[in-house]
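K.L.:
The structure's right below; bear with me while I get my questions together.
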Amino acid sequence: MITFSNGDTMPLLGLGTWRASRDETYGAVLEALRQGYRHVDCAYIYGNEDVIGQALSDAFAQGVVKREELFVTSKLWNDAHESAHVEPALRQTLRDLQLSYLDLYLVHWPVALRRGTKFPSAPDEFLSLQQAPLSETWAEIERCQRQGLCRHIGVSNFTQGKLEALLQTATRPPEMNQVELHPYLQQPELVRFCQKSDIHVTAYSPLGAAKAKGGQLAPLLEHPTLLGIAKKHGATAAQVALAWGMARGVVVIPKSAHPARIAENLAARRLALDEADMEAIAAIDCRLRVTVGELWTMAGSPYTADYLWNC
């Protein structure tokens, strides 16, 4: 568990729902809750929050879990960064999830789109930071928290520089930064900065990519280091990657729709890696980013790759 400043706790391992089809999402969420998951990570843009909401409602009705035992995260999409749209977007998520509050609400990307744009196809579908300042978006997120619509607030895909800038204007600092983290992209400097600043970290894509980009590297779960550590502990490479993340104090949210894999991922909580294991995994960091944000950096966009990952 991680513990927030008010004493609330969040499980270190949760169920991710990104790229989970609507058909498989209901069963996956209900199965995960039955197996003991108490943390579900969602987002408006995943397009499945209404299905997740039905699974949560049924789980509550069946006595599988109580609302107060469950930690639910969702995220503000890029087309709702303008002040007038933040609260309505959050309320839509609450309706879809059939909840009265979220445990954690995140700004999904430091990128703004015109209202109604899910994924941009042209430069005029973007809003610049001057048109939709992150500080104003954050002020509305804070207001939603004061209203009790979300217990905790944070960001996603924020670099150290963006966090430092936000901390300069925030009344309530972000409590979470959700970023891509796995043994091929370890981001030790960002993790240290966040933890020093009392900002917790969640790792999305904690198992890396199913196929390594460019064909230059083996897929993460086929790396000899992870396979060797897995053999040593009688575990799987996926469990090693998840246990490595949790050993750093980082929340991990692997996605799966298969009961056996859901159980395998949950069992990673019981895997204790030793110092030699951690050092061996540290040595395979190659800064391989799976999610590069190419949608946000098209020709004519006000956002660049340098802005996304270096500023």
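K.L.:
Under 8 Å for C-alpha pairs, at least 6 residues apart: give me the relative contact order for the chain, rounded to a whole percent.
P.N.:
19 percent.
K.L.:
Where does the stretch 201-284 land on Rg/Rh, using Cα atoms and the Kirkwood Rh?
P.N.:
My calculation puts Rg/Rh at 0.94.
K.L.:
With N set to the number of residues, divide the alpha-carbon radius of gyration of the stretch 115-160 by 2.2 N^0.38 Å and report two decimals.
P.N.:
1.41
K.L.:
Here's a follow-up. Order the peptides 280-290, 263-273 from the highest to the lowest mean number of other Cβ atoms within 10 Å of their residues.
P.N.:
263-273, 280-290
K.L.:
Using only C-alpha positions, report the orientation-averaged shadow area of the convex hull of the stretch 1-98, nm², one decimal.
P.N.:
Spelled out: convex hull of the Cα atoms, projected over all directions, averaged, 6.7 nm².
K.L.:
As a footprinting exposure proxy, order His152, His258 by other Cβ within 10 Å, with the fewest listed first.
P.N.:
In increasing order of surrounding Cβ atoms, one gets His258, His152.
K.L.:
Follow-up question, since we're still on this one. Taking just the alpha-carbon atoms of the stretch 25-70, what radius of gyration and Dmax come out, in angstrom?
P.N.:
9.9, 29
K.L.:
Going 7 Å from the Cα of Asp50 in the Cα-to-Cβ direction, what parts of the stretch 88-108 have a backbone nitrogen less than 14 Å from that spot?
P.N.:
Backbone N within reach: 92-98.
K.L.:
Within the stretch 1-133, what percent of beta bridges assigned by DSSP are antiparallel, to the nearest 5?
P.N.:
30 percent
K.L.:
Got a sec to turn the phi values of the stretch 293-303 into Karplus ³J(HN,Hα) couplings, 6.51 cos²θ - 1.76 cosθ + 1.60 with θ = phi - 60°, whole Hz, x for Gly and Pro?
P.N.:
Along the stretch 293-303, the couplings run x, 4, 4, 8, 10, 4, 4, x, 5, x, 10 Hz.
K.L.:
Report the charge-dipole magnitude of the stretch 9-165 in Debye, nearest 20, computed about the Cα centre from +1 at each Lys and Arg Cβ and -1 at each Asp and Glu Cβ.
P.N.:
Once rounded to the nearest 20, the dipole reads 200 debye.
K.L.:
For each of Tyr105, Tyr26, count neighbouring Cβ atoms within 10 Å of the residue's Cβ, then give the residues from fewest to most.
P.N.:
By the 10 Å Cβ count, ascending, the order reads Tyr26, Tyr105.
K.L.:
Now a separate question. Taking amide H atoms as placed 1.01 Å from N in the peptide plane, list the residues 5 or more away in sequence, or in a different chain, whose amide H sits under 5 Å from that of Cys42.
P.N.:
Amide H neighbours of Cys42, under 5 Å, 5+ apart: Thr73, Ser74.
K.L.:
May I have the extent of the alpha carbons of the stretch 170-311 along their three principal axes, as whole Å values ordered from largest to smallest?
P.N.:
50, 39, 31
K.L.:
Largest first and to the nearest Å, give the Cα extent of the stretch 241-311 along each principal axis.
P.N.:
In descending order, the Cα extents are 48, 32, 18 Å.
K.L.:
Which residues' amide hydrogens lie under 5 Å from the amide hydrogen of Leu127, considering only partners 5 or more residues apart or on another chain, with H built in the peptide plane?
P.N.:
Ala112, Leu113, Arg114
K.L.:
Looking at this model, which pairs from Lys66/Lys118; Lys75/Lys162; Lys162/Lys255; Lys162/Lys196 are more than 24 angstrom apart at the alpha-carbon?
P.N.:
Where the Cα-Cα span goes over 24 Å, the pairs concerned are Lys66/Lys118; Lys162/Lys255.
Read-outs: derived from the displayed coordinates by stated rules, not from any lab. In this text the structure is predicted, and so the values were computed from the model without any measurement. Don't worry about glycine lacking a Cβ; one is built from the backbone with ideal geometry, like all the others, and counts go over all protein chains shown.
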